[in-house]
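Heads up, the thing below is written out as structure tokens.
The values are calculated or read from the model by the stated rules, or taken from the named source; none is laboratory data. Please read these numbers as outputs of a predicted model, since none were measured by experiment. Cβ placement follows ideal geometry from the backbone for every residue including glycine, while neighbour counts extend to all protein chains displayed.
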Amino acid sequence: MNLKEALKAFPDVAPSIIIKSDLLRLGVNYGEPARANFRDREDLLFKGSRLFGSDRGELTFQRSKIPFVFYLEDGTRQGTLVQSRIYAESPYLIDLVDGEFKLFWNGEPLMKVRFQSVPDYYERKIDGVPMREIIFAVGDLLFLPANRFCEYFARDQQCLYCDLTPFAHALKKEGEPMVLRKKAEQAALVLEVGLHESNFRHITITGGTFFARYQGKTELEWYTELLNTIRERLRLWYPTSFQLSAQDDEGWKRVRETGVPTIEPNIEVWDKRLFEIICPGKAEHVGYDQWIRRTVRAVDFWGLGNVNPSFVPGVEMAQPFGFKTVDEAVKSTLSGYDFLMGHGVLPRQGEFWCVVSDSKLAGSEPPPLDYFIRLGMGYLEIREKHGFTCPPPSMCRSCTLHGTEYDFEYWHGSGPSSRKAQTEEVVTN
């Protein structure tokens, strides 16, 4: 199903959602006039020291001067945020025409686009390191890639779709000022600096798994020290998500004591057989059943809706072992959403699978477009069935660059962040 067919098949879905889904699935390229414009500019947020490669083809770096994200001009003030996933063979092209940046599909103009401005703090340094390497920005979110090392790679047990460690190596080879593990004091200070800019209001903290002690600390000790240092610096927690392996009760207790408001023990794929294939390290060191039990148990520590594991939508259709049909794949993942929400867990729809060149699934074909549309529709329906008025509050439509759950809520939901709510009068008594 191509874009035109999808727009016809799903007339009740906002076109910007369908276009965004296809852009994340197939990637985008930039024309030479646009690239020439970027080469002469320093005011845009370009792709640099992000966590993953997120390009289907050749990797781009800071020197490439390719925008990290762009906004589809969808008729709203904020627009629809989309991650730039570069792929030379994509049918999508962004180019500069008559002084305006426009998105094309197979040569046909679709809509105007604009780009995010670079934050002020990007130009500053801390201990000789650019602050953008410590914390990078996306929309109104500050993202802390606390640890770029994942021991699953050293054991050849990495998640099959992931390029975390190879991308860190690529950054180092490129000469980018890449810091493998962030110092707690530096991270806390840069967050404080960034949060003094008016447009940032969310934080995400994540990193790879390690088993051996680092600086005399276990993984749990290292991460909780980081969280405590941030809390002490900021004095309060902004809406923040912290991603970590599913912990036992003692582990959850220690993380909860840091005060971090939401936790994301990312499940990645719901089907047990596929989880064990696609996430071999997680399957061996924690196990599927244990991961689910610990995720549900985390609700007792954080409360209803504050446990937000993410998925990687689409990877369950990776061949030759994945589901063969869209019906099977959608049914499986929606059943996972339904189960988790029924137990007080509010999962994120997740980051759409990007077929990166340095992962074990390199060269795979992404799922059909209708898979992503149907999954987004189903996620919204299940979330509303379970009484969750919005997706996880640690993110929003202004910072979700790689999924559509917040776009579906805005255009088709009925919660406080929906377009429907914004057009209705608020009555308090």
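Things worth noting here:
- Residue match in segment 116-132 (condition: closer than 22 Å to Leu51 by Cβ, outside any helix (DSSP H, G or I) and basic (Lys, Arg)): yes
- In segment 15-60, residue nearest to Val315 (Cα to Cα) [restricted to those that are among the hydrophobic types (A, V, I, L, M, F, W, C) and not in a helix (DSSP H, G or I)]: Phe52
- Every test in (1) in a loop (DSSP other than H, G, I, E, B); (2) within 24 Å of Asn199 (Cβ to Cβ) is passed by Tyr71 save one, and that test is (1).
- Residue list for segment 326-365, restricted to those being part of a loop (DSSP other than H, G, I, E, B) and either under 26 Å from Pro261 (Cα atoms) or outside the structural domain of Pro261 (by TED's automatic domain parsing) (or both): His343, Gly344, Val345, Leu346, Pro347, Arg348, Gln349, Gly350, Glu351, Phe352
- Residue within segment 206-223 that is in contact with a helix residue (DSSP H, G or I) (Cβ under 6 Å, 6 or more places away or on another chain), surrounded by 20 or more Cβ atoms within 10 Å (Cβ to Cβ), in the same structural domain as Lys360 (by TED's automatic domain parsing) and hydrophobic (A, V, I, L, M, F, W, C) present: no
- Some residue of segment 310-321 being touching a Lys or Arg at 6+ places or on another chain (Cβ under 7 Å), farther than 22 Å from Leu26 by Cβ and crowded, with 19+ Cβ neighbours inside 10 Å: no
- When Phe323, Phe311 are checked against the criterion of being without any contact (Cβ under 8 Å) to a residue 60 or more places away in the chain, under 22 Å from the mean Cα position of the chain (by Cα), within 15 Å of Tyr371 (Cβ to Cβ) and in the same structural domain as Ala362 (by TED's automatic domain parsing), Phe311 stands alone in meeting it.
- Residue match in segment 323-331 (condition: over 15 Å from Ser21 (Cβ atoms) and among the acidic types (Asp, Glu)): yes
- Count of segment 235-252 residues which are crowded, with 16+ Cβ neighbours inside 10 Å and either outside the structural domain of Val138 (by TED's automatic domain parsing) or not in a loop (DSSP other than H, G, I, E, B) (or both): 6
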